[in-house]
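Here's the structure we're looking at; comments come further down.
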Amino acid sequence: MEKYAGVISVVLFESKLSEAKEALKEGRGTDASGILNVVELYSKRAEVPVPGEVEDLRHNAYELSVNNKITEAREALDNRDYSDALGALAGVEVYAKRIGIPTPPEFESMKNEAYNMAIDLNLKSAFEAKNDNNYADIESSINFVEMYAKKGSMDIPQKC
């Protein structure tokens, strides 16, 4: 089996390269990126140089991922899920940085929208906790308000 390891790695390498291309065609940038990592691994195992097209494919995968994550963030904001929105926006930042492109124009406003939403929802939670005399939840919610205000370079609301 050992003598076939190189051949097996080459076959797997070619298969994964095709899979990455297909993922890109289907608009699955994040999947394509992960598959390209496997392509590089198989390339090393097969002692085959990584084809130049892998970097082009990776660039395309990251660019597509930026767009996909912006869409995810918008959907999360529309659903009032600031946590998922901020997670998706963190992905936007990572992928954009990896290929040296600026974040999309709407990035900052979406991030601010998520921080404002986080502040509003946590303030609401603090007031609900106050009505229930739940001081631990009040403190937790206020800590989140302060954290998101700081991350968003915003003033802490006077309601606190």
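Read-outs throughout are calculated quantities, based only on the coordinates presented, and are distinct from any laboratory measurement. Nothing here was measured: the structure is a model prediction, and the numbers come from that model. No Cβ is skipped: glycine too gets one built from the backbone with ideal geometry, and neighbour counts run over all protein chains shown.
Distance check, please: which entries in K21/K97; K97/K150; K21/K69; K69/K130 exceed 25 angstrom between their Cα atoms?
Working: K21/K97 22 Å; K97/K150 23 Å; K21/K69 19 Å; K69/K130 36 Å.
Violating the 25 Å limit, Cα to Cα: K69/K130.
I need the phi-derived Karplus couplings for segment 21-28: 6.51 cos²θ - 1.76 cosθ + 1.60, θ = phi - 60°, integer Hz, Gly and Pro marked x.
3J(HN,Hα) across segment 21-28, in whole Hz: 4, 5, 4, 5, 4, 7, x, 9.
Quick one: dipole size for the chain, taken about the Cα centre, charges +1 on Lys/Arg Cβ and -1 on Asp/Glu Cβ, in debye to the nearest 20. It would help to have the intermediate numbers written out before the result.
On the way: 19 positive and 28 negative charges, 61 e Å.
In debye, rounded to 20, the chain gives about 300.
From the phi of every residue in segment 108-119, what ³J(HN,Hα) in whole Hz does the Karplus formula 6.51 cos²θ - 1.76 cosθ + 1.60 yield, where θ is phi - 60° and glycine or proline is x?
So the Karplus estimates, Gly and Pro as x, are 4, 5, 5, 5, 5, 4, 5, 5, 4, 4, 4, 5 Hz.
Which of V66, A32, V50 sits closest to the plus end of the dipole of segment 4-84, meaning its Cα is farthest towards the positive end, when Lys and Arg get +1 and Asp and Glu get -1 on the C-beta?
V50
May I ask you to derive the relative contact order of the chain, considering only C-alpha pairs under 8 Å and at least 6 residues apart, and to give it as an integer percent?
15 percent
Please list log₁₀ I(q)/I(0) at q = 0.09, 0.15, 0.21 Å⁻¹ for the chain, using the Debye equation with identical point scatterers on the alpha-carbon positions.
-0.47, -0.82, -1.18
Can you tell me the convex hull volume per residue for segment 107-160, based on C-alpha atoms, in Å³ to the nearest whole number?
Numbers: hull volume 3.0 nm³, N = 54.
That works out to 55 Å³ per residue.
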